[in-house]
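**Student:** Here it is: the structure, laid out below.
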Amino acid sequence: METDSPRSPEAEIGHRVEDLWEVAQPQLSPSEKLNSCFEDIPVASFPRAHPSQVIEIPSDASLADTVETLSKNKILSAPIRNVDAPEDASWIDKYIGIVEFAGIAMWLLHQTDASPNGTAGSAVGSPVANLAARLGSFTFIRTSSGRVETTADSESDEAASVGGSFFETLTSSEFYKNTKVGDISGSFRWAPFLALQPSDTFLTMLLLLSKYRMKSLPVVDMGGDHIENIITQSSVVHMLAECAGLPWFESWGTKKLSELGLPLMKPYKLVKVNEDQPVLKAFQLMREKGVGGVPVMDTSGTKAIGNISIRDVQYLLGAPKIYKQYRTIAAKDFLTAVRHHLQEQHEPSPLLHDVITCKRDDAIKDIILKLDSEKIHRIYVVDDKGNTEGVITLRDIISKLVHEPRHYFGDFFDGVVPLPANSTV
């Protein structure tokens with residue numbers, strides 16, 4: 001079949017899938033054909049990330065420097081490089097994990113748990129040497145879904161109601177400036193350094209980014225000592241957006257959300273925060289429920305007026321002066337203050353726009369194009385009256401593209417990452 005030249009490296013991947021699609025065994029179902037196509041394409045073919053996205057955090061970097069690096073480069077996570085490893089160390093010894101805004105948010109919540117009256121108090125003044133003792137209030141548990149989560153022995157709305165002065169005191173403290181990311185990598189839920197090899201397949205990559213909840217995957221050579229590429233959920237959805245118009249993509253992409261079983265979550269299970277609740281309640285809910293963002297609902301509780309994502313913890317830690325006058329930072333005040341801050345800095349951000357929504361009858365192709373063009377990680381599903389019914393994330397979309405064959409991963413995960421409850425390994 002004669003087609004135009006691919007318009008981008010991502011579109012070139014789409015053309016490769018198209019070629020494989022055309023010669024796939026006719027008895028295969030469309031889902032099995034897609035699995036087969038992605039199983040035949042190596043990860044080495046995935047377009048290289050921009051250099052600004054392939055960032056490493058040295059293990060001796062402070063939390064302050066880590067937050068600044070992630071924020072400046074507009075990334076959610078980065079590998080932690082062990083500065084004590086020999087120069088000729090392989091990647092297995094060179095990297096000790098991946099630091100994420102989710103882990104930093106957990107650290108922040110621990111500070112507020114330790115100081116529920118809204119002042120920095122002893123939590124900020126404690127020396128780094130006592131950090132392990134203060135982290136003793138955290139318990140690691142395995143949930144019914146198979147995921148390991150961390151809970152605090154003392155957690156309340158009071159702890160979530162700290163005022164703006166707390167963040168200014170915290171971020172100006174020596175504790176925040178001196179605590180090294182390597183010091184707490186074993187105490188908070190940093191993601192494991194689960195690396196792909198160039199010879200691994202797209203199917204492996206897509207399953208790890210969806211069913212196995214990895215947000216980013218470094219690519220390294222088995223005997224190499226550096227990261228060759230980092231593949232994220234966002235970059236995969238961008239690849240899909242670039243495939244629009246190709247027959248294989250259209251056969252899948254024109255399906256309605258409801259046909260694909262989206263949104264996955266029932267309306268009553270949607271994790272949300274009301275506009276008058278403390279903003280830290282939003283981050284607490286993200287931690288408790290294992291989600292990357294929550295809608296901020298109006299006073300009626302039916303319509304979303306904004307969205308707070310895990311990456312927005314950067315504004316609590318990176319720009320605390322904008323909250324100094326707040327005794328308690330409500331979710332709506334957080335959105336307003338951050339929007340003013342972004343406008344003053346002339347910094348583009350999804351927070352500056354209205355909530356992006358869709359309906360159950362929309363095609364998944366349209367959702368992919370919207371998520372990609374807006375550079376957002378979730379879109380809210382609304383009914384005909386504008387009431388919020390659910391959410392669709394990048395992970396949800398990728399999960400509908402492929403399925404896991406039985407015994408596919410074998411011992412791939414042994415000792416690395418907890419398995420989901422419905423794993424077929």
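**Student:** Answer yes or no: is there a residue in segment 274-281 that is under 30 Å from VAL17 (Cα atoms), at pLDDT 95 or above, open to solvent by less than 60 Å² (accessible area, probe 1.4 Å) and not in a helix (DSSP H, G or I). Can you show your working first?
**Tutor:** Initially, segment 274-281 is screened for residues under 30 Å from VAL17 (Cα atoms), giving none.
Looking for residues that are under 30 Å from VAL17 (Cα atoms), at pLDDT 95 or above, open to solvent by less than 60 Å² (accessible area, probe 1.4 Å) and not in a helix (DSSP H, G or I), one finds none in segment 274-281, hence no.
**Student:** Being in a loop (DSSP other than H, G, I, E, B) and either open to solvent by less than 60 Å² (accessible area, probe 1.4 Å) or in contact with a Gly (Cβ under 6 Å, 6 or more places away or on another chain) (or both) is the filter; apply it to segment 350-376 and report the residue that is nearest to GLU242 (Cα to Cα). Before the answer, list the steps.
**Tutor:** Quick first cut of segment 350-376, residues in a loop (DSSP other than H, G, I, E, B) only: 353-356, 359-362, 375-376.
Next cut, either open to solvent by less than 60 Å² (accessible area, probe 1.4 Å) or in contact with a Gly (Cβ under 6 Å, 6 or more places away or on another chain) (or both) only: 355-356, 362, 376.
Working: VAL355: 24, ILE356: 21, ASP362: 19, ILE376: 16 Å.
Ranking the qualifying residues of segment 350-376, first place goes to ILE376.
**Student:** Looking at the structure I just gave you, is MET239 under 24 Å from ILE80 (Cα atoms), within 18 Å of the chain's Cα centre (by Cα), modelled with pLDDT of 95 or more and in a helix (DSSP H, G or I)?
**Tutor:** Details: under 24 Å from ILE80 (Cα atoms): no; within 18 Å of the chain's Cα centre (by Cα): yes; modelled with pLDDT of 95 or more: yes; in a helix (DSSP H, G or I): yes.
The answer is no for MET239.
**Student:** Also: Could you please tell me which pairs satisfy a Cβ distance under 6 Å, a separation of 6+ or placement on different chains, a first residue in segment 99-113 that is closer than 14 Å to SER216 by Cα, and a second residue that is open to solvent by 10 Å² or more (accessible area, probe 1.4 Å) and not hydrophobic (A, V, I, L, M, F, W, C)?
**Tutor:** Final answer for the pair search is GLU100/SER77; PHE101/ARG311.
**Student:** Same structure again: Could you please find all residues in segment 189-210 being of a type in the set (Phe, Trp, Tyr) and either modelled with pLDDT of 85 or more or open to solvent by less than 10 Å² (accessible area, probe 1.4 Å) (or both)? Please lay out each step first, then the result.
**Tutor:** Quick first cut of segment 189-210, residues of a type in the set (Phe, Trp, Tyr) only: 190, 193, 202.
Answer for segment 189-210, where residues must be of a type in the set (Phe, Trp, Tyr) and either modelled with pLDDT of 85 or more or open to solvent by less than 10 Å² (accessible area, probe 1.4 Å) (or both): just PHE202.
**Student:** Let me ask another. Just checking, how many residues over segment 337-349 are closer than 17 Å to VAL313 by Cβ, surrounded by fewer than 19 Cβ atoms within 10 Å (Cβ to Cβ) and not small (Gly, Ala, Ser)?
**Tutor:** The qualifying residues number 4.
**Student:** Okay, next question. For segment 68-99, name all the residues that are surrounded by fewer than 17 Cβ atoms within 10 Å (Cβ to Cβ) and either of a type in the set (Asp, Glu) or over 19 Å from the mean Cα position of the chain (by Cα) (or both).
**Tutor:** GLU68, VAL83, ASP84, PRO86, GLU87, ASP88, ALA89, SER90, ILE92, ASP93
**Student:** Could you tell me whether any residue of segment 47-58 is under 23 Å from GLY290 (Cβ atoms) and modelled with pLDDT under 90?
**Tutor:** no
**Student:** Please specify each residue of segment 9-41 satisfying the condition of being in contact (Cβ under 8 Å) with a residue 40 or more places away in the chain, outside any helix (DSSP H, G or I) and open to solvent by 40 Å² or more (accessible area, probe 1.4 Å).
**Tutor:** ASP40
**Student:** May I ask you to verify whether HIS226 is surrounded by fewer than 17 Cβ atoms within 10 Å (Cβ to Cβ) and either modelled with pLDDT of 95 or more or not in a helix (DSSP H, G or I) (or both)?
**Tutor:** Numbers: surrounded by fewer than 17 Cβ atoms within 10 Å (Cβ to Cβ): yes; either modelled with pLDDT of 95 or more or not in a helix (DSSP H, G or I) (or both): yes.
Spelling it out, HIS226 is indeed surrounded by fewer than 17 Cβ atoms within 10 Å (Cβ to Cβ) and either modelled with pLDDT of 95 or more or not in a helix (DSSP H, G or I) (or both).
**Student:** Of the conditions (1) within 18 Å of GLY164 (Cβ to Cβ); (2) in contact with a helix residue (DSSP H, G or I) (Cβ under 7 Å, 6 or more places away or on another chain); (3) at pLDDT below 90; (4) surrounded by fewer than 22 Cβ atoms within 10 Å (Cβ to Cβ), ARG327 clears all except one; give me its number.
**Tutor:** (2)
**Student:** For segment 284-323, enumerate the residues that are farther than 27 Å from LYS72 by Cβ and open to solvent by 40 Å² or more (accessible area, probe 1.4 Å).
**Tutor:** Selection gives GLU288, LYS289, THR299, SER300, THR302, LYS303, ILE305.
The values are calculated or read from the model by the stated rules, or taken from the named source; none is laboratory data. The structure displayed is predicted, hence computed values, not measured ones. Here Cβ is always computed from backbone atoms with ideal geometry, including for glycine, and neighbour counts include all displayed protein chains. Heads up: the accessible areas ignore ligands, DNA and RNA and are worked out on the full protein's heavy atoms, side chains in. Shrake-Rupley method; radii C 1.70, N 1.55, O 1.52, S 1.80 Å.
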